[in-house]
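Asks: To start, I am sharing the structure in question, which I have written as structure tokens.
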Amino acid sequence: QVQLVESGGGLVQPGGSLRLSCAASGLTLDYYAIGWFRQAPGKEREGVSCISRSDGSTYYADSVKGRFTISRDNAKNTVYLQMNSLEPVDTAVYYCAAARGCGVVAGVPVVGYLEVWGQGTLVTVSS
């Protein structure tokens, strides 16, 4: 069966870094666009970043551009989100999703033809 599992979340101080992983089973990630989303307490889920399947193009929300980097490791069937210069506002549950395509609408990464969501990993940025 198809499953995505996020890992790498935890507690980090402001200005610190984390690398999130999205590991796939039951599907081959290089066939899909992969998006990262987050949901902070009391807020709606928002797109953070995505990477396309066709040419590897990457897209980022304005709020994270220059701080976060999305990448693939096809040999490990895993997509990563490197998060640097973390701020308290980045505190959220982070989810990955596999889809047919991705892009940016109104400055927000989005995915189309969604295949599956992961269950999320919690990132807390606090002193």
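The values are calculated or read from the model by the stated rules, or taken from the named source; none is laboratory data. Predicted model, so just to flag it, every value in this text is computed and none were measured. Cβ atoms come from the backbone with ideal geometry, glycine included; neighbour counts cover every protein chain shown. These area figures cover heavy atoms from the full protein model, side chains too; ligands, DNA and RNA do not enter into them. Shrake-Rupley method; radii C 1.70, N 1.55, O 1.52, S 1.80 Å.
Asks: Which strands (runs of 3 or more DSSP E) sit wholly inside the range 8-109 and have at least 1 residues that are surrounded by fewer than 16 Cβ atoms within 10 Å (Cβ to Cβ), modelled with pLDDT of 95 or more and basic (Lys, Arg)?
Replies: Passing ranges, in order: 18-25.
Asks: Sort out which residues of the range 110-127 are open to solvent by 80 Å² or more (accessible area, probe 1.4 Å), at negative phi and among the hydroxyl-bearing types (Ser, Thr, Tyr), and write them in order of number.
Replies: Answer for the range 110-127, where residues must be open to solvent by 80 Å² or more (accessible area, probe 1.4 Å), at negative phi and among the hydroxyl-bearing types (Ser, Thr, Tyr): just Ser127.
Asks: Another question about this same structure. Any residue in the range 40-61 that's within 16 Å of Ala99 (Cβ to Cβ): show its pairings with residues that are part of a strand (DSSP E or B) and among the hydroxyl-bearing types (Ser, Thr, Tyr) at Cβ separation under 6 Å, as long as the two are six or more apart or on different chains.
Replies: Between residues of the range 40-61 that are within 16 Å of Ala99 (Cβ to Cβ) and residues that are part of a strand (DSSP E or B) and among the hydroxyl-bearing types (Ser, Thr, Tyr), the close pairs are Ser49/Tyr60; Cys50/Tyr59; Ile51/Thr58.
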